Amino acid sequence: MAPGEHRSVAFSDEAELEPVLAPFVHEGLAGRDKVLYVTDVTHPAVATGLLRGWGIDPDAYAGRLEVRTLGTSDPDVMVAQLTEAAHRARAEGYRALRFTGEMSWAVREGTDSLTAFETKVQALFDSGVAMGICQYDRRVFPPVTLSELQRLHRGTDVDLEFDGALLRIRRSVDPPGLELDGEIDANAVDELTRALTSAVRRERGDVHVDMGRISFIDLSGLRALVDTATSLKEGRSLVLDRVPEHVAQLIGLIGWDKAPGLRVRGGDARWSR
């Protein structure tokens, strides 16, 4: 990451934070940045322990790495405090402030406050004196709320509809529709349904769903696809591309391959009914 970038990470446990936050903090301390880690529900001592587990010794970076508890949940005050910290870092000779913080406070304050914070803090990142990664715990945030908030982060892939621990959904342009990557079960079906609904509204003709990178999909996921297909107006289809053979066989076994508005194409052969 570089100054000005504003990203997010959604996680289900602390182990999922390491691949994102460990390099973020490491690179800052190895380079020319100051690092601020703000906790909410996590005690600072626990966060410090996480950093030690990632090979980062906070004691070796006293004055350059700060772990502290959130003191307020007022969006204006929080942005003002981060702005002050960023300018202080620059005055101390650092290139920029690297900020990461737990956003669980929004569960108490409401999504309007969180949206206000994310929108206002972007001006700080745009000034080039800071960069940030906001932490969203899936255990406390509803999936739909997460998806909408992730759209506020400019550093996130603009085509990314959803980025979860087991599933990633991207928009596709040619052919128009969605690309699915990972596993789809009951925990992810709401996100799949939302993305399908958006794609149907966005596109005028057929909607394609590339399933070439799907490693698992249960009946709830398949039903979401079939329900979307049958809801289309006559003349439009939901086209499932690169469907794994075992998934295509399951669709045929259940009889969903004959569902109105659904076309199934498998692998390189691109077969369809």
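The values are calculated or read from the model by the stated rules, or taken from the named source; none is laboratory data. All values reported here derive from a predicted model rather than from experimental measurement. A quick note on method: Cβ atoms are made from the backbone with ideal geometry, for glycine too, and the neighbour counts reach across all protein chains shown. Each accessible area value is taken on the protein alone, full model and side chains, heavy atoms only, with ligands, DNA and RNA left out. Shrake-Rupley method; radii C 1.70, N 1.55, O 1.52, S 1.80 Å.
About the Cα centre of the range 1-146, how large is the charge dipole given +1 on each Lys and Arg Cβ and -1 on each Asp and Glu Cβ? Please answer in debye to the nearest 20. List each step's numbers first, then the result.
Working: 14 positive and 21 negative charges, 70 e Å.
The calculated dipole for the range 1-146 is roughly 340 debye.
At a probe radius of 1.4 Å, what is the per-residue accessible area of E27, in Å² to the nearest 10?
Ignoring ligands and nucleic acids, E27 comes out at about 100 Å².
What relative contact order, as a whole-number percentage, does the chain give when Cα pairs under 8 Å and 6 or more residues apart are counted?
Working: 464 pairs, mean separation 44.9, N = 273.
Worked out over the chain, it gives 16 percent.
Taking the Cα atoms only, what angle lies between the long axis of helix 18-30 and the longest principal axis of the chain, rounded to 10 degrees?
Computed tilt is about 40 degrees.
Loop-only trypsin sites (Lys or Arg not before Pro) in the range 4-100, please: DSSP not H, G, I, E or B, and at most 11 other Cβ atoms within 10 Å. Each step should come with its number before you reach the end.
Details: sites: R7, R32, K34, R52, R64, R68, R88, R90, R95, R98; in loops: R32, R64, R95.
Filter output for the range 4-100: R32.
I'd like the orientation of helix 245-254 relative to the chain: the angle between its Cα long axis and the longest Cα principal axis, in ° from 0 to 90, rounded to 10.
60
Tell me which trypsin sites (Lys or Arg not before Pro) from the range 215-253 have a DSSP coil assignment and no more than 13 other beta carbons within 10 Å of their own. Provide the component values of the computation, followed by the final result.
On the way: sites: R223, K233, R236, R242; in loops: K233, R236, R242.
Here the sparse-neighbourhood loop sites are K233.
Within straight cross-link reach of K258, meaning Cα distance under 13 Å, which aspartates and glutamates are found once same-chain residues fewer than 8 apart are removed?
Answer for K258, where 13 Å is the Cα cut-off: D227, listed by chain and number.
Rank these by accessible area, largest first, 1.4 Å probe: D40, D13, D33. Mind dumping the intermediate values first?
Numbers: D40 30, D13 60, D33 0 Å².
From most exposed to least exposed: D13, D40, D33.
Which entry in (1) 69; (2) 58; (3) 64 matches percent of Cα pairs over 23 Å apart derived from the coordinates of this structure?
The calculated read-out lines up with (2).
With a 1.4 Å probe and every protein chain left in place, work out the accessible area per residue of the range 1-140 in Å², rounded to a whole number.
Numbers: 6060 Å² over 140 residues.
Per-residue accessible area for the range 1-140 comes out at 43 Å².
Helix 111-126: angle to the longest alpha-carbon principal axis of the chain, degrees 0 to 90, nearest 10?
70
Hey, which lysines would be in cross-link range of K34, C-alpha to C-alpha under 28 Å, not counting anything within fewer than 8 residues on its own chain?
K120
Would you work out the charge dipole size for the chain about its Cα centre, treating the Cβ of every Lys and Arg as +1 and the Cβ of every Asp and Glu as -1, and quote it to the nearest 20 debye? Before the final figure, lay out the partial values.
Numbers: 33 positive and 43 negative charges, 131 e Å.
Here the chain has a charge dipole of around 640 debye.
For the chain, what is the mean residue ellipticity at 222 nm derived from helices alone (per DSSP H run of n ≥ 4: -39500 (n - 2.57); sum divided by total residues; nearest 500 deg cm²/dmol)?
Working: 9 runs with 106 residues, N = 273.
Here the helix-only value at 222 nm equals -12000 deg cm²/dmol.
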